[in-house]
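Student: Here's a structure for you.
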Amino acid sequence: QVQLVESGGRLVQAGGSLRLSCAASERYPMGWFRQAPGNERKFVAAINWSGGRTEYADSVKGRFTISRDNAGNTVFLQMNSLKPEDTAVYYCAADADYTIVLRTATHEYEYWGQGTQVTVSS
């Protein structure tokens with residue numbers, strides 16, 4: 001069973017930075033999603049198996065960076081210039097099909113972490 005464990009979420013002031021981590025039991029193409037209260041879960045960023053390709057939602061381009069460590073099993077989401085609208089539970093997800101195309105839809109990911117709360121105060 002694949003295990004994904006997120007960490008790093010906390011309360012931060014607008015304009016601040018946070019780095020989220022997602023430790024996986026195996027190496028997969030990975031994605032980050034977020035879900036605000038009353039809203040659907042939305043794509044944030046994705047990274048391929050090697051770490052050489054990434055994709056971002058328009059709302060976070062230029063502010064967030066997805067990366068993975070050398071071993072490849074931990075994926076990070078560096079979030080800069082945070083805004084109150086970034087407040088959400090952030091989830092990492094694993095693409096167990098190892099597809100070449102980076103996936104941006106929730107149904108395309110097979111495994112999910114438990115989520116970590118990010119709150120940005122104004």
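The values are calculated or read from the model by the stated rules, or taken from the named source; none is laboratory data. What you are looking at is a predicted structure, and each value in this text was computed from that prediction instead of being measured. Positions of Cβ are backbone-derived with ideal geometry, glycine not excepted, and every protein chain shown enters the neighbour counts. These accessible areas exclude ligands, DNA and RNA; they are computed on the full protein's heavy atoms, side chains included. Shrake-Rupley method; radii C 1.70, N 1.55, O 1.52, S 1.80 Å.
Student: Under 8 Å for C-alpha pairs, at least 6 residues apart: give me the relative contact order for the range 2-91, rounded to a whole percent.
Tutor: 33 percent
Student: Would you mind getting the accessible area per residue of the chain, heavy atoms of the protein chains only, 1.4 Å probe, in Å²?
Tutor: For the chain, the solvent-accessible area averages 50 Å² per residue.
Student: Continuing with the same structure: Among Ala94, Ala23, Ala71, which one shows the biggest mean-square fluctuation in a GNM of the chain, springs joining Cα atoms closer than 10 Å?
Tutor: Ala71
Student: Same structure, new question: Rg (Å, one decimal) plus Dmax (Å, integer) for the alpha carbons of the chain?
Tutor: Cα-based Rg and Dmax for the chain come out at 13.2, 40 Å.
Student: State the percentage of accessible surface on the range 55-122 attributable to carbon and sulfur atoms; use a 1.4 Å probe and exclude ligands, DNA and RNA.
Tutor: Here it works out to 48 percent.
Student: Something else now. Working out 0.36 nm times the residue gap between Val5 and Asp69, then minus their Cα-Cα distance, what length gain in nm do you get to one decimal?
Tutor: Length gained, Val5 through Asp69: 21.5 nm.
Student: Using the Cα centre of the chain as the reference point, and only Cβ charges (+1 on K/R, -1 on D/E), how large is the resulting charge dipole? Debye, rounded to the nearest 20.
Tutor: 360 debye
Student: Could you pull out the longest piece of the chain with no exposed loop GluC sites (Glu not before Pro) in it, calling a site exposed if DSSP puts it outside H, G, I, E, B and it has at most 12 other Cβ atoms within 10 Å?
Tutor: 41-109
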